[in-house]
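Here the structure is laid out as structure tokens; the discussion comes afterwards.
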Amino acid sequence: MGYMHKYLDVDLTSERIQEKKLDKELAEKFIGGKGLGAKILYDELEAGVDPLSPENIILFMTGPLTGTSVVTSGRWCIVTKSPHTGIYLDSQIGGNFGHRLKKAGYDFILVRGKAANLCYLLVTSEGSTIISAKEVWGRGTFATEEILQGKHPKSEVASIGIAGEKLVSYANVMTGRSHMAGRGGSGAVMGSKNLKAVVVSGTEKIDAAHKNFRELTRTFRTKVQNDDGVKNRNRIGTMMWVNMSNQGGFLPTKNYQSGVFEEADSISGETMLEKYTYANRACYGCLIACGKANKFETGKYAGLDVDGPEYETTALLGSNCGINDLAAVAKASEMCDDLGIDTITAGATISFAMECVEKGYLQQSDVDNLAFGNDDAVLEMIKLISHRERIGNLFAQGSKAAAVKIGHDSMDFAIQVKGNELAGVEPRGSWGMALAYSTSDRGACHQRTWTPSAELSGDLPRFSFEGVPKFVKESQDERAACFSLVVCDFLPFNVPEMVEMLNSATGFSYTPESYLEVGERIWNLTRMFNVREGITANDDTLPKRFFKDIMPEGDAKGLVVSKEQFEAAKLEYYQLREWNNNGIPTETKLKKLGL
């Protein structure tokens with residue numbers, strides 16, 4: 001079992017909802033979540049489909065472990081073609097929605113077409129229907145969720161905000177007030193379909209194939225509880241990386257002009273824990289509880305009570321915008337969540353705008369003092385972008401699209417790969433992430449592989465590409481499989497024990513080797529999707545800033561990412577993947593993987 005063995009195919013144009021059987025062979029070949037979603041997306045779409053057209057599809061995916069007794073089994077993901085990058089997108093999400101979707105009786109929902117009227121989709125174990133969303137259209141995600149949960153008790157809601165309605169290319173999908181499909185613009189895809197929300201509820205039982213499943217997961221839970229890394233994440237969460245990144249010289253600062261922020265401690269996890277945190281927050285089935293509830297009782301934002309912010313949000317809306325007030329970062333994060341916009345892309349895009357003003361490429365006409373360190377300007381820009389008003393409309397498609405219009409040398413410091421803005425690690429301070437960002441299947445991403453821990457521990461050498469191509473390739477394959485299960489980034493497990501639980505849940509007979517081969521199959525499939533959309537080796541690169549602008553301070557002081565060594569590492573990565581020199585999987589490799 002593990003699966004519910006059925007899914008919903010929803011055509012908003014015809015208002016037809018069909019219940020269909022899950023293809024067991026495809027499930028075994030691609031597991032679920034990211035993998036199965038990627039296969040469906042590849043098969044359903046032709047090259048060149050406009051991501052905001054009715055021809056694009058959006059998939060709300062669970063995996064075989066979603067909703068089970070495996071720790072962190074509340075995870076789920078959205079798969080679609082990104083309006084922000086024009087290539088493949090999966091976005092992983094926590095909260096309770098994934099578990100509730102499985103309880104409704106479905107492994108995933110496929111949505112196609114475009115509704116004639118504003119609507120939301122209600123999915124329950126008793127039946128599913130398309131309902132008018134006039135009551136919640138124009139509202140933020142917080143109010144939308146509250147209203148729809150009031151109408152449908154014991155439900156979970158995934159909704160878009162104003163940014164999604166306005167088709168901001170990096171609009172997100174929110175659930176549970178603090179969990180989001182953040183990157184790549186899945187919220188804009190929903191908005192383009194006149195789909196405000198998906199509401200799920202149900203009471204179906206989620207069974208495992210073998211009787212030993214509960215015992216396996218119980219033993220695993222004990223291991224997780226005793227893990228030192230888990231204890232630290234429970235104590236301080238992702239925010240532990242603020243000071244660690246700053247000390248390592250790779251905390252994004254003032255649009256990646258530096259990797260050191262002098263006032264990092266004021267926005268650090270340690271400061272947050274000491275002054276503002278009053279409770280932990282956890283997703284369904286999770287004992288890590290890395291989320292932090294914070295209340296700010298004094299100062300400019302007195303009375304603000306919010307979950308978060310997380311590290312990536314703090315790096316991009318904090319240090320990268322020159323903001324030294326954690327309350328201001330928390331307020332910006334809350335605004336992004338309610339308006340339904342990705343905090344990483346918003347922070348990177350606003351910091352890019354600030355540098356454009358600093359260089360005289362933009363005038364101070366729409367936002368008062370759009371400059372590093374001005375939190376009022378950050379909040380105003382979030383609002384303007386989400387509503388696509390005045391200068392906000394220029395930045396509603398991110399820094400790359402804005403740079404095309406602004407001109408000068410602005411593309412050199414529009415900090416993105418394939419249109420997706422970089423996350424919270426400065427590549428000059430982490431050469432491993434230089435290769436990780438450039439080869440990620442959704443544009444720059446910190447989730448496909450994370451090298452800073454290995455670099456700081458000495459498992460990978462710093463400021464070198466020695467061993468990096470192999471590390472990145474193997475991590476990407478493993479994460480592709482993990483995001484198909486679907487379980488959390490932060491779950492400490494070794495592959496054999498996860499394979500044992502997966503086999504017990506599903507009745508499949510994976511080995512550790514065949515499980516990792518599934519991850520490799522998925523990675524090659526998403527690459528083929530992107531190749532079909534025109535991606536080549538020339539796109540697997542970084543903004544010129546990291547190759548030409550010398551790091552002014554910190555551990556990487558005096559350094560740039562060596563272009564020559566980077567290109568050599570990229571070629572080695574292609575060779576390890578058995579791709580040609582243009583980054584295209586060879587026919588031999590595809591046949592070997594059953595593609």
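Nothing in this text is a laboratory measurement; each read-out follows from the coordinates by a stated rule. All values reported here derive from a predicted model rather than from experimental measurement. For neighbour counting, all protein chains shown are included, and Cβ atoms are generated from backbone atoms with ideal geometry for every residue, glycine included.
Holding the Cα-Cα limit at 28 Å, pick out from LYS231/LYS254; LYS34/LYS193; LYS193/LYS295; LYS102/LYS592 the pairs that are longer than that.
Exceeds cut-off: LYS231/LYS254; LYS193/LYS295; LYS102/LYS592.
Could you give the dipole magnitude of region 431-592 about its Cα centre, charging the beta-carbon of Lys and Arg +1 and that of Asp and Glu -1, in debye to the nearest 20?
Taking the Cα centre of region 431-592 as origin, the dipole is about 520 debye.
Helix-only estimate, please: 222 nm mean residue ellipticity of the chain, summing -39500 (n - 2.57) across DSSP H runs of length 4 or more and dividing by its residues, to the nearest 500.
Here the helix-only value at 222 nm equals -12000 deg cm²/dmol.
Among LYS154/LYS383; LYS196/LYS275; LYS39/LYS103, which pairs are too far apart, with a Cα-Cα distance over 28 Å?
Over 28 Å Cα-Cα: LYS154/LYS383; LYS196/LYS275.
Going highest first, how would you order 123-131, 85-93 by mean Cβ packing within 10 Å?
Per-residue mean Cβ counts within 10 Å order the peptides as 85-93, 123-131.
Could you pull out every one of the lysines with an alpha carbon less than 16 Å from that of LYS548, ignoring same-chain neighbours closer than 8 positions?
Straight-line reach from LYS548, under 16 Å: LYS557, LYS563.
Got the relative contact order for region 157-293 handy, in percent, Cα pairs under 8 Å and 6 or more residues apart? Walk me through the numbers before you get to the answer.
Values: 183 pairs, mean separation 22.1, N = 137.
Relative CO of region 157-293 lands at 16 percent.
My understanding is that a pair violates if its Cα-Cα distance is over 29 Å; which of LYS6/LYS418; LYS292/LYS544; LYS6/LYS81 do that in this structure?
Values: LYS6/LYS418 35 Å; LYS292/LYS544 36 Å; LYS6/LYS81 23 Å.
Pairs exceeding 29 Å: LYS6/LYS418; LYS292/LYS544.
Would you kindly state how much longer the chain becomes between ARG218 and SER132 on full extension, computed as 0.36 nm times their sequence separation minus their alpha carbon distance, in nm to one decimal?
Net length gain for the segment: 26.6 nm.
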